[in-house]
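Quick notes on the structure that follows.
The values are calculated or read from the model by the stated rules, or taken from the named source; none is laboratory data. Everything quoted here is computed from the prediction, not taken from an experiment. For neighbour counting, all protein chains shown are included, and Cβ atoms are generated from backbone atoms with ideal geometry for every residue, glycine included. Accessible surface is based on the protein model in full, side chains and every heavy atom, while ligands, DNA and RNA are left aside. Shrake-Rupley method; radii C 1.70, N 1.55, O 1.52, S 1.80 Å.
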Amino acid sequence: MMASARLNNSLYLFGGENATSHYSSDFYKLTQTSDGFTWSIVPQKNSPAGTAASQAYITSDQQNFVLLGGMSSATVGKIAPLQIYTYNFASQSWTLQTNQNQSADATGFVYNREAFSATYDSSSQTTYIFGGDNTSTVFNTLHKLDSNFQATALTSAPEARFGHTASILSSGKLVVIGGVASYGLAAMKQVMVYDPSSNSWAYQNTNGMNGVYPSSTADHVAVVNSQDQIIIFGGDSRAVMRNRQYLNTIAILDTKTWTWTVPTINGIPPARRAFAVGGLLDDSHLTVAFGGALNDYYNDVNVYDIKSNAWLQSFDSSSSSSSSVSKGVIAGVTVAGVVLLLIILFLLWKFQRYLRWLIARIHNDIWKPRTGEPVWAETSRLVSQVFFLFIFIMFLYFVIRQAVDSPNVTQRIESASATVEVPDVRFCFDGFPSQSATTINGDNGAPGVACMTDNGYSCTSFVQQLDMSVFQPTFSDSLGAVTCFLFRAPDSFKLTSTSGANNGSRLLFTMFGDLQTTYGRIHLSVYPKNMDPNAKVYNTNDSIPVYLSQADVLNWQTAERNDLQSENVFTIQPSTYSALSYDIVDHRYLQSVGWNYVGFLPITNSTPEIESNFRSEAPNPNYTITHTDLGLVAIYPSTWATLVDREVKMYTLVNALGFVGGIFGMLIAVQAWLFGFRPRSPWGVVHRWSTGSRKQSLLSGLQSKFKTTDSGIPLVHPVHHRFSTNEFHNLGQETEAQRVSRVEERMQVLELLFKAYYVDDEVFRSLDNANSTTKDNSNSNNAPHAITTPSTLAPSTSNPFFGSSEKVPKADGFSHMFNERQSQGSISSDANSQHHLNNPSDVHLRDMR
C-alpha cells in the first residue's frame with residue numbers, strides 16, 4: 001500500500017502499512033546500481049500524517065514528489081477533499097496543496113479515496129484521477145488535475161472500479177486493467193480505454209496468446225515499456241481475508257495487437273503478493289518490491305529480466321542477458337571450429353610416425369599372450385580385464401560422487417576453561433515513558449539498566465544507551481515508545497568459575513523504569529561480541545571487531561523492523577526475576593571450496609554463535625512495595641568450557657581411498673585366480689614411455705652396466721645356437737672352455753639383472769658377511785701370526801651383516817660388472833672363481849662347482 005514514483009533509476013516510496021501500524025509516514029529511496037540496489041531514508045520536514053493506499057508521481061521538471069489521496073487516521077471513514085502533498089527535493093520539505101475547507105458541492109471537488117489510480121502525463125503535466133473508494137462509495141468518475149492541482153471533471157467511465165491500474169500509452173490513451181467492479185473482479189478479456197482527444201471511453205476486447213489469458217486480479221503492479229506493452233505482476237482476488245488468494249505471475253499486454261501473453265518464466269519467482277510497488281528502472285528489468293499477503297509483509301526486492309524472461313538471483317544492469325545468439329557469434333564459432341580441425345589434421349600428419357609407434361606400443365602393452373597359450377585364453381583375459389576395469393571405474397565414480405554429495409556434519413569439541421567470555425546484551429524498553437509522573441525515592445523512573453556481578457563488581461560502565469533516531473527496533477505489540485540500552489564489555493572482561501579476586505561468575509542486571517506502567521515490556525537480546533549488529537548500526541566505536549557484512553546488517557534491520565527475530569530474544573514482564581544461561585560457540589563452517597572434499601586440513605570460516613536458555617518467573621504483585629526497579633535478570637554461562645562446533649564432510653576422498661584400494665586389490669586377486677599371476681616389469685610408466693634423450697640414457701645405462709660378449713641376453717637370446725631356429729645351421733666350433741665361459745658370463749649377467757631389478761640381495765650379502773666373519777675368527781684363533789689378507793681388513797666396529805664395499809680386481813672378462821653394492825668378504829671368498837674370471841682360457845670342468 002505504499003505510494004511509489006520513479007525518478008531516473010530510483011523509486012521513491014512513501015507511507016504504507018506494516019506489521020505494527022496501519023499508516024506510516026516513512027519516506028525511502030530505492031536506487032538501482034550496476035550490480036544491485038541501495039536503500040536510503042529520504043530526509044523530510046513537515047511530513048504529512050501516516051498514509052496508506054496513496055498514489056504518487058514525480059513532476060516533469062523532476063523537482064517535486066507529489067502524493068495524492070490515500071487514507072490516514074484523520075481521513076479514514078470521512079468525507080474529505082483529495083489530499084495532495086508535494087515534497088520538494090531541494091528544500092526537503094512537504095507542502096499541503098489541498099484546501100481542507102472546500103465544500104463537497106463545490107465545482108471540481110474530488111473526494112479523497114483509496115485503491116484508485118493517479119496517472120501522470122508528463123507531456124501535458126496533467127494527472128488523471130480515476131475510480132477508487134472511500135469505504136462507502138466506489139467511484140467511476142474521472143478527473144483531470146493541472147499543474148496547479150485544479151480539478152476538471154471528465155466523462156465518467158461506464159463502470160466503477162477500485163484496486164485497478166490505469167496506464168498511459170505513448171498516444172496519450174489510458175488503459176484500465178483489472179480491479180473490482182460491481183459484479184466482482186474485472187475480466188482480462190476486456191479492458192477499458194479512455195481517449196483524451198475525444199473525452200470518451202470504450203471497451204477493448206483482448207486476445208490470449210494460444211487462448212491463454214491472465215487470471216483476473218486486483219491490487220496488482222502495472223508498468224508500460226517503450227513498446228507500449230503493459231506488464232502486470234501479482235495482485236489478489238479481493239475476497240474476504242480468510243478466502244483471499246494471491247498471485248506472483250507476469251502477464252504482458254501488447255496494446256498494438258491487444259494480445260495477452262503469459263510467459264513461462266525461468267528462475268525463482270517472488271512470493272505471491274498484492275500491493276507491491278514496481279517500476280522499469282532501466283527499460284530492461286522490472287523491479288518489484290515489498291507488498292504483502294494476509295499477515296505477511298515482504299521487504300524484498302525482485303528483478304524480472306524482460307529480455308531473458310527470467311527472475312534474476314544476481315543482478316547486473318550493465319549486461320542484460322539475451323535469449324538469442326548473434327550471427328557474429330555463430331560465424332565466429334564456425335570459423336574457430338574449422339581452424340581447430342585443420343590444426344588437428346596437421347598435427348596428425350606431422351607426428352604420424354610417433355602416432356604409429358604409440359599405437360604399436362599400446363598394442364604390445366595390452367596383447368601379451370604367453371608362449372604356448374592359445375588365443376582364446378589371452379582374449380578371455382583381456383575381456384575380463386575390461387570388465388573388471390569397468391567395475392572399478394563405476395565404483396570409483398560412486399565413491400567420488402559420494403564424497404562430492406557428502407552432507408556436512410558438526411562435531412562439538414569442549415575444552416575445560418576457568419574463564420568464559422560475556423555476550424553483548426541489549427535491553428529494549430517497550431511502552432515505558434521517558435520518566436515517571438512522580439519521583440520515587442529520588443528516582444524519576446526513566447528507563448535504565450544497572451549491572452553488577454555476583455561478587456559485587458560494578459559493570460554499569462559497560463552499559464550505553466542507543467540512539468533511537470539512528471535505528472529503532474519494531475515490536476508487534478506496539479506498546480509505546482521504545483528505548484534501548486546495550487551492554488558491551490571489553491574483551492578483557494570475563495566471567496570466572498571460581499570465587500576470589502576476579503569479576504565473578506554471573507552478571508546481574510537490574511532494570512529501572514516507570515513502576516506504574518504495568519503493561520510495558522522489556523525485550524532482551526543476546527549476541528556474541530563479534531556478531532553484534534548493534535555495534536555497527538549505532539557505531540559503538542570500540543576496538544572489538546564485528547564480522548558481519550553490510551548485507552547481514554541490512555537483513556538484521558529488516559527483521560527488526562518486522563519483529564521477525566526469534567533466536568536469543570526474550571520478553572520480560574515488570575516485577576519479575578529472570579535467569580538466562582548461555583554458551584558462546586566458535587562455529588567453524590566449511591567454505592564452499594574444492595579442497596574441502598579431500599578430507600584433511602579443511603578451509604573453514606570461524607563464526608561466533610550463542611546458544612541461550614531463558615526462564616522467567618511470574619510477576620510478583622508485591623514487588624514494587626520493596627523495590628524501586630522493574631526486575632532483575634541473571635546471566636551466566638551454561639558450561640565453563642571453550643566450545644568449538646567443527647563442520648566436516650561425512651565422506652571425503654581420503655575416506656574413499658581405503659574402499660578404492662580394497663576393491664582394486666580384490667579385482668587383481670580375482671584376475672590372478674582366473675588367469676594366473678603375471679609378473680610385472682620392474683620398469684614403470686616413466687621408463688616404458690620415455691622418449692628421446694631420456695630413453696637413450698636408459699638404454700646406454702643398461703649397455704654400460706651389463707656388457708656381454710657373445711653369450712647373448714638371458715631370456716631373449718637362446719643359450720646356444722642349436723636352440724635358435726634362425727641359426728640352427730650355423731653352429732660353429734667352440735671348445736669346452738669357451739662354452740663354459742659363455743655360460744658363466746650369461747649366468748653372471750642374469751644374476752646382476754635380477755639383483756638390480758627383481759630381487760633384493762640383502763640376505764645374500766648378509767650371509768656372505770656372516771661366513772666371512774666366521775672364517776676370520778677361525779683364522780685368528782688358529783694362526784695368531786697369520787699374514788693379513790684383504791678378507792681380514794674389515795673394521796672391527798662394522799656390522800657383519802651389512803658390508804660396506806666389495807672390491808674386485810680389474811681384469812678382462814666381465815669383472816666390470818662387480819661395481820655396485822659389493823659385499824665385504826668377496827675379495828678372497830672364492831679365489832678359484834677370480835682365477836677363472838681372469839683366465840677364461842684355462843677353465844676346466846674340474847673347477848666347476
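When the P(r) is computed for the stretch 429-577, the part past 21 Å accounts for 51% of the Cα-Cα pairs.
Annotation: amide H-H contacts under 5 Å for residue 164 (H modelled 1.01 Å from N, sequence separation of 5 or more, or interchain): 180, 219. Considering every Cα-Cα pair within the stretch 607-737, what fraction, in whole percent, is farther apart than 17 Å? Percentage above 17 Å: 83. For the pair residue 709 and residue 401, label points projected 7 Å from Cα toward Cβ lie 6.6 nm apart.
Applying 1/(1 + (r/R0)^6) with R0 = 51 Å to the Cβ-Cβ distance of residue 410 and residue 697, what FRET efficiency is obtained, to the nearest 0.05?
Working: r = 55 Å, r/R0 = 1.08.
That pair, residue 410 with residue 697, gives E of 0.40.
For the stretch 489-500, putting each phi into the Karplus relation 6.51 cos²θ - 1.76 cosθ + 1.60 with θ = phi - 60° gives couplings of 8, x, 4, 6, 7, 9, 8, 10, 6, 10, 7, x Hz, in residue order, rounded to whole numbers and with x for Gly and Pro.
Stretched out straight at 0.36 nm per residue, the stretch from residue 364 to residue 384 would grow longer than its current Cα-Cα span by 5.4 nm. For the stretch 125-260, a/c is not less than 1.5, where a ≥ b ≥ c are the root eigenvalues of the C-alpha gyration tensor, and a/b does not top b/c. That puts it in the oblate class.
Using a/c under 1.5 as the rounded threshold, could you call the stretch 6-68 rounded, prolate or oblate? The axes a ≥ b ≥ c are square roots of the C-alpha gyration tensor eigenvalues, and prolate needs a/b larger than b/c, oblate otherwise. Don't skip to the answer; put the middle values down first.
Working: a/c = 2.04, a/b = 1.30, b/c = 1.56.
Taking the square roots of the gyration eigenvalues as a ≥ b ≥ c, the stretch 6-68 is oblate.
Under a Cβ-Cβ cut-off of 10 Å, what is the net charge of the residues other than residue 216 that fall near it, where Lys and Arg count +1 and Asp and Glu count -1? Cβ neighbours under 10 Å give a net charge of +2.
Can you give the extra length, in nm with one decimal, that the chain gains between residue 770 and residue 282 once fully stretched, where that is 0.36 nm per residue apart less the Cα-Cα distance? Numbers along the way, then the final one.
Numbers: separation 488, 0.36 × 488 = 175.68 nm, distance 9.32 nm.
Separation in residues times 0.36 nm, less the Cα-Cα distance, equals 166.4 nm.
Along the stretch 578-587 the Karplus relation, 6.51 cos²θ - 1.76 cosθ + 1.60 evaluated at θ = phi - 60°, assigns HN-Hα couplings of 10, 9, 9, 10, 9, 9, 9, 10, 8, 8 Hz to successive residues, with x for each Gly and Pro. Put a dot 7 Å past the Cα of residue 373, heading toward its Cβ, do the same for residue 357, and the two dots end up 2.8 nm apart.
Listed values for the stretch 479-487 are Karplus-derived 3J(HN,Hα) couplings in whole Hz (6.51 cos²θ - 1.76 cosθ + 1.60, θ = phi - 60°), namely 7, x, 4, 10, 10, 10, 10, 10, 8, and x replaces Gly and Pro. Cβ-Cβ distance of residue 99 and residue 45, R₀ of 25 Å, FRET efficiency by 1/(1 + (r/R0)^6): the value works out to about 0.70.
Residues whose amide H falls under 5 Å from that of residue 92, counting only those 5 or more places apart or on a different chain, are absent, with hydrogens built in the peptide plane.
With r as the distance between the Cβ atoms of residue 61 and residue 645 and R0 = 51 Å, compute the FRET efficiency 1/(1 + (r/R0)^6) and round to 0.05. If you can, show how the numbers build up before the last one.
Values: r = 59 Å, r/R0 = 1.15.
It comes to 0.30.
Show me the helices of the chain, taken as full DSSP H stretches, that run 15 Å or more along their long axis by Cα and average 0.5 or above in Kyte-Doolittle hydropathy. Within the chain the helices that satisfy the rule are 327-350, 375-404, 653-675. For the stretch 224-310, a/c is not less than 1.5, where a ≥ b ≥ c are the root eigenvalues of the C-alpha gyration tensor, and a/b tops b/c. That puts it in the prolate class.
Centre-to-centre separation between the Cα atoms of the stretch 729-775 and those of the stretch 451-486: 94 Å. Carbon-plus-sulfur accessible fraction, the chain (probe radius 1.4 Å, protein heavy atoms only): 55%.
For residue 208, nonlocal amide neighbours, meaning residues 5 or more places apart or on other chains whose placed amide H falls under 5 Å from its own, are 260.
Helical content of the chain, expressed as a calculated mean residue ellipticity at 222 nm, amounts to -7000 deg cm²/dmol (DSSP H runs of 4 or more residues, -39,500 (n - 2.57) each, divided by residue number, nearest 500).
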